Amino acid sequence: MPEAGDEAPFDPKYQGIETRLLDGDLVSFNVRMRGARTGEDVSRYAECAAAQYTLIRGYGFARHVRTKVAETGGLWQADAVYTISESLPKGFKTIDAEVTTAACVESGIPTV
């Protein structure tokens, strides 16, 4: 059993982003990766995709609606849904697309 501090290094392999416009401002992001430590890593990948997509569409903000995460045989997948908007939307799980995209780039997480 590994002791504290003996964890394997984080070595993510980002394996793709698929986006799908569901309805007007509602967008689905499906991402895949290997080497995630937990579902939080793959969820963060989806958030980075959402942030960059929001900027590409000319908007500044996104609001997280839901994320489903699954892992099979070491392949982690997330199916995340966000709304995108020009102004800060109401809700608790909002992101500033420009700030989030910059943080993702700094962390080495790919975007759309």
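The values are calculated or read from the model by the stated rules, or taken from the named source; none is laboratory data. Everything numeric here is computed off the predicted structure, so don't read it as measured data. Every residue, glycine among them, receives a Cβ derived from its backbone with ideal geometry; neighbour counts consider all protein chains shown. Please note that ligands, DNA and RNA were not included when accessible areas were found on the heavy atoms of the full protein model with its side chains. Shrake-Rupley method; radii C 1.70, N 1.55, O 1.52, S 1.80 Å.
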What translational diffusion coefficient, to the nearest whole µm²/s, does the chain have by Stokes-Einstein, given a Kirkwood radius computed over alpha-carbon pairs, a temperature of 20 °C and 1.002 mPa s viscosity?
149 µm²/s
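How high is the relative contact order of the chain, given as a whole-number percent (alpha carbon pairs under 8 Å, six or more residues apart)? Mind dumping the intermediate values first?
Details: 227 pairs, mean separation 31.4, N = 112.
Averaging sequence separation for qualifying contacts and normalising by length gives 28 percent for the chain.
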Relative to the chain, whose Cα atoms define the longest principal axis, helix 97-107 and its Cα axis are tilted in degrees, nearest 10, by 20 degrees
Hey, quick one: spin label on I56, modelled 7 Å out along Cα-Cβ, who in the range 73-112 has an amide N within reach, i.e. under 13 Å?
110-112
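Taking DSSP loops as anything outside H, G, I, E and B, show the longest stretch in the chain free of GluC sites (Glu not before Pro) there with at most 15 other beta carbons within 10 Å.
Working: sites that count: E3, E7, E86.
Longest run free of exposed loop sites: 8-85.
Of all accessible surface on the range 1-98 at a 1.4 Å probe, what whole percent is carbon and sulfur?
Working: 2890 of 5960 Å².
Carbon with sulfur: 49 percent of the solvent-accessible area.
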Once both axes come from the Cα atoms, what is the angle between helix 39-56 and the longest principal axis of the chain, in degrees from 0 to 90, rounded to 10?
30 degrees
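When ligands, DNA and RNA are left out and all protein chains stay put, how many square angstrom of accessible area per residue does the range 43-112 have with a 1.4 Å probe? Don't jump to the answer; show the numbers that get you there.
Values: 3780 Å² over 70 residues.
With the other protein chains kept in place, the range 43-112 gives 54 Å² per residue.
Can you compute the helix-only [θ] at 222 nm over the chain? Use -39500 (n - 2.57) per DSSP H run of at least 4 residues, normalise by all residues, nearest 500 deg cm²/dmol.
Values: 2 runs with 29 residues, N = 112.
Calculated mean residue ellipticity at 222 nm is -8500 deg cm²/dmol.
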Can you tally the net charge around V31? Count Lys and Arg as +1, Asp and Glu as -1, for every other residue whose Cβ sits under 15 Å from the Cβ of V31.
+1
At a probe size of 1.4 Å, how large is the accessible area of Y45, to the nearest 10 Å²?
10 Å²
